[in-house]
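One structure below.
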Amino acid sequence: MTKKSKIDHYSDKEALDFHIGNKSGKIEVNSSKPLTTKRDLSLAYSPGVAAPVKEISKDPEKAYDYTSKGNLVAVISNGSAILGLGNLGSLASKPVMEGKAVLFKRFADIDSIDIEIDNSDPNEIVNTIKNISGTFGGINLEDIAAPNCFIIEQKLKETLDIPVFHDDQHGTAIITTAALINALDISNRKIEEVKIVVNGAGASAIACVNLFKLLGVKPNNIIMCDRKGVIYKGRGNLDQFKSAHAIETKLRTLKEAFKDSDVFLGLSAKDVVEEDMIKSMSKNPIVFACANPDPEIKPELIYKARPDAIVATGRSDYPNQVNNLIGFPYIFRGALDVRSKEINEEMKMAAAKAIALLAREDVPDEVVSAYGGDRPKYGKEYIIPSTFDPRLIKVIPSAVAEAAIKTGVARKKINIENYKDDLLNRLDPSMSIMQGINAKIKKNLKRVIFAEGEDTNMLKAAVEFGKNKLGVPILIGSEKRVKDQLKEIGLDENYKIQIVNSTDKTKREKYTKYLYKRLQREGQLERDVDRLIRNERIAFGSSMIACGDADAMVTGNIRHYAASIEKLKKVCESREGEPIFGMTMIVFKGRTVLVADTNVQDFPTADRLVAISKSCVRVARLFGFDPKVAFLSHSTFGKPISRNTEHVRNAIEMLKKDKNIDFDFDGEMQPDVALNPIYKEVYPFSKIVGNANILIMPALHSAAISTKLMKSFGGAKLIGPLLIGLNLPIEVAPLRSTTSDIINLASVAAYSADVIDYKTD
């Protein structure tokens, strides 16, 4: 057995400092609309707010359109069962409920308000929630002790027409069911034959058993135990919730129930299971010891007793953590987006199956990072996806939404395939751009070279590029080393992917002949060119494209960007009339801005700034943008004046004199003037103020600093830098780019190869 990671330990003081730092608590409320002008205030409140008020009064469903209701969840508790701490009161539960709200926002872009009800009477709690329910699109119940949690949830479901979800019950049940599906698959068991022992008869355990039965486990094959032993028919003092799972059996103790069982699920207390119990289970036993913070039996002891076991816990420091975070944000996301009246059993099962299937797919880099650099692979130690898997936002809500539509509880019908794209855009706004590019290149697959084919990230990117049918990947590298790397990332060494290198005499001679013809008048001897082709992947790959053996290339990643550019300049030319420069796409809250030059030109002259702006306009139009160019500086329209603004002002004057210019531009101006509409009142004479989508930077250092700051602190998504001005469709990945970054650049290179005629354009 291996651990996922070393568990982090924090002192109480560190936790308290975290919660009090900056501002108290973990949540705040922000406006989703601009409130910068008098007009904004008039629209947001009086008199403008009267218009949606009247519309909602006529049709309550309009509240979903004109208010935040459709994306707002109430996180509600009375503090009667806070984590594993017990009944500490409603106010003490607030840090937990705020934490839940934070998770809703971080992982599913759902707004939440925590509500703590100081009452233990289930009827009072129900009435309170009923009276405020119109405000919300859904209700998430949390940390409410059994049996009141059952009573409250059931009564709310009977009266409310919005989703009501008790996460302690159903979240746990959904994740556990997903884990069970995969554990049964790995151990080659049939669902109708499996025998399950459950220790614990509280809310989460009962919910798990209910979902197990829906999955196909026979009721008589589930033995549930509580503190008094086996829950059997005829046993006294059983409430209605426990008695529903009583069966005819002669077994009376947990130890007796363990014998020859296939699965153990523990949602009870630490150290209640002994090694001998584990030894008595059937072949390849499945043990889910999920008591928190300490399991019913430590995984080390499970493996000592039964090395063939499949183990899951509720802890993050062991493989297969049963973590509700995998479920609840995404389940609500799907339910809210179709305006579901409830979260029914079919929706829960759809979520469980979606989670299970996701664990069987190759994992992205975000998961690898979360696992300390190790790449988990579907098997005994990876039966549940990581909480950091970015694909959860796509697969779970879409499965839940589809189930809601099919079962007739959805008020809103949606196209599921389009919805999957929309989901990705919620947390990654750059996806909308990449989806358009990818849709285009899928129609006409290009042969794309991944030059550093032995680099792990480059290789993974090539594999994913091919799997997603974005094009045909070609790797440059040693066949043996590439195959070794394929095994390292969990693929068969014979995985079908094209590998080329300079050991191919025919190709080397062909490319040497081509490149020598181009370089012979630049002081290069044929033997020098042959050496260049043999030793430089950039030269080899560029020549492949030029000779028609490939269509595009992505390189870099193992060296500094500037070093890659210098190597490219030795073998490639710039497009006629264009400088070579870097352009970065910045995407933030649905707005896209192109920034140049971010990577190549150190301190461009006025002539060079003009040329860069023209090239940016050309590229912007290829991506479907109506170009509006702002030349940036630390000054705005001459204030303050300094020598550092002269080249920017001269560039503006040159463009004004150019009669062939067919795009709007202006400057010099500060970035907030270029981007914020509030400045239109100050500078009404400019078409660009507050409206720019192309930012021409005055120097490389300002461009690089600003874009990196945006990436680190601004919450923006960056695509690129894109290499503009080269006479071949080649993109350069910055040093240590992620797999996703490399794939995006490969897609852009393929797109360029498709939409640009490099021979004549």
In segment 587-602, residue modelled with the lowest pLDDT [restricted to those that are surrounded by fewer than 24 Cβ atoms within 10 Å (Cβ to Cβ) and in contact with a Leu (Cβ under 7 Å, 6 or more places away or on another chain)]
Q601
Scan S686, S702 and give me the residue that is in a loop (DSSP other than H, G, I, E, B), hydroxyl-bearing (S, T, Y) and modelled with pLDDT of 85 or more.
S686
Does segment 270-286 contain at least one residue that is touching a strand residue (DSSP E or B) at 6+ places or on another chain (Cβ under 6 Å) and not in a helix (DSSP H, G or I)?
yes
Got at least one residue in segment 230-237 being closer than 26 Å to G171 by Cβ, among the aromatic types (F, W, Y) and outside any loop (DSSP other than H, G, I, E, B)?
no
Out of all the residues in segment 154-188, which are farther than 30 Å from A309 by Cβ, out of contact with any Leu (no Cβ under 6 Å at 6 or more places or on another chain) and in contact (Cβ under 8 Å) with a residue 12 or more places away in the chain?
K155, L156, K157, T159, L160, D161, I162, P163, F165
Can you tell me which residue is surrounded by the fewest Cβ atoms within 10 Å (Cβ to Cβ) among those in segment 612-640 that are closer than 20 Å to H701 by Cα and β-branched (V, I, T)?
T636
Residue among L103, L83 that alone is on the phi > 0 side of the Ramachandran plot and out of contact with any strand residue (DSSP E or B) (no Cβ under 8 Å at 6 or more places or on another chain):
L83
So which of R527, R559, R575, R537 is free of Cβ contacts under 8 Å to residues at least 24 places away in the same chain and among the basic types (K, R)?
R527
Please tell me if G86 is surrounded by fewer than 16 Cβ atoms within 10 Å (Cβ to Cβ) and either touching a Cys at 6+ places or on another chain (Cβ under 7 Å) or more than 22 Å from F107 (Cα to Cα) (or both).
yes
Collect the residues in segment 162-219 that are in a strand (DSSP E or B), closer than 30 Å to R411 by Cα and among the β-branched types (V, I, T), keeping them in residue-number order.
V164
How many of the residues making up segment 207-225 are surrounded by 16 or more Cβ atoms within 10 Å (Cβ to Cβ) and over 18 Å from M347 (Cα atoms)?
6
Could you please find all residues in segment 238-256 being over 21 Å from E345 (Cα atoms) and assigned to a loop (DSSP other than H, G, I, E, B)?
L238, D239, A246, E248, T249, K250, L251, R252, T253
Among (1) out of contact with any Lys or Arg (no Cβ under 7 Å at 6 or more places or on another chain); (2) closer than 21 Å to N457 by Cβ, where does I580 come up short?
(2)
Conditions: (1) crowded, with 24+ Cβ neighbours inside 10 Å; (2) touching a helix residue (DSSP H, G or I) at 6+ places or on another chain (Cβ under 6 Å). T738 meets all but one. Number of the miss?
(1)
Among (1) under 14 Å from G582 (Cβ atoms); (2) of a type in the set (A, V, I, L, M, F, W, C); (3) not assigned by TED's automatic domain parsing to the domain that holds I612, there is one condition L728 misses while meeting the rest; what is its number?
(1)
Please indicate, with yes or no, whether at least one residue in segment 743-760 is surrounded by fewer than 24 Cβ atoms within 10 Å (Cβ to Cβ), touching a strand residue (DSSP E or B) at 6+ places or on another chain (Cβ under 9 Å) and polar (S, T, N, Q).
no
Filtered residues of segment 543-561 (kept if under 36 Å from the mean Cα position of the chain (by Cα) and either among the β-branched types (V, I, T) or more than 12 Å from L723 (Cβ to Cβ) (or both)):
M544, I545, D549, A550, D551, V554, T555, N557, I558, R559, H560
Regarding R375, is this residue at pLDDT below 90, part of a loop (DSSP other than H, G, I, E, B) and of a type in the set (K, R)?
yes
Would you confirm whether or not segment 33-40 contains a residue that is exposed (fewer than 15 other Cβ atoms within 10 Å of the Cβ), out of contact with any His (no Cβ under 9 Å at 6 or more places or on another chain) and closer than 29 Å to D168 by Cβ?
no
Is there any pair linking a residue in segment 596-619 that is within 11 Å of M583 (Cβ to Cβ) to one that is hydroxyl-bearing (S, T, Y) and assigned to a strand (DSSP E or B), with Cβ under 7 Å and at least six apart or on different chains, and which?
T598/T584
Segment 203-225 residues that are in contact (Cβ under 8 Å) with a residue 40 or more places away in the chain, paired with ones that are buried (at least 23 other Cβ atoms within 10 Å of the Cβ) and in a loop (DSSP other than H, G, I, E, B) (beta carbon under 6 Å, 6 or more apart):
S204/L267; A205/L267
Do the conditions hold for H634, that is, is it outside any helix (DSSP H, G or I), within 29 Å of H560 (Cα to Cα), out of contact with any strand residue (DSSP E or B) (no Cβ under 6 Å at 6 or more places or on another chain) and modelled with pLDDT of 85 or more?
yes
Go through segment 104-145 and give me each residue that's without any contact (Cβ under 8 Å) to a residue 60 or more places away in the chain, β-branched (V, I, T) and part of a helix (DSSP H, G or I).
I125, V126, T128, I129, I132
Scope segment 106-135; condition surrounded by 17 or more Cβ atoms within 10 Å (Cβ to Cβ) and either under 22 Å from Y330 (Cα atoms) or in contact with a Cys (Cβ under 9 Å, 6 or more places away or on another chain) (or both); matching residues
F107, A108, I110, D111, S112, I113, D114, I115, P122, S133
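The values are calculated or read from the model by the stated rules, or taken from the named source; none is laboratory data. Keep in mind that this is a model prediction, so the values were computed, not measured. With ideal geometry, Cβ positions are generated from the backbone for all residues, glycine too; neighbour counts draw on all protein chains shown.
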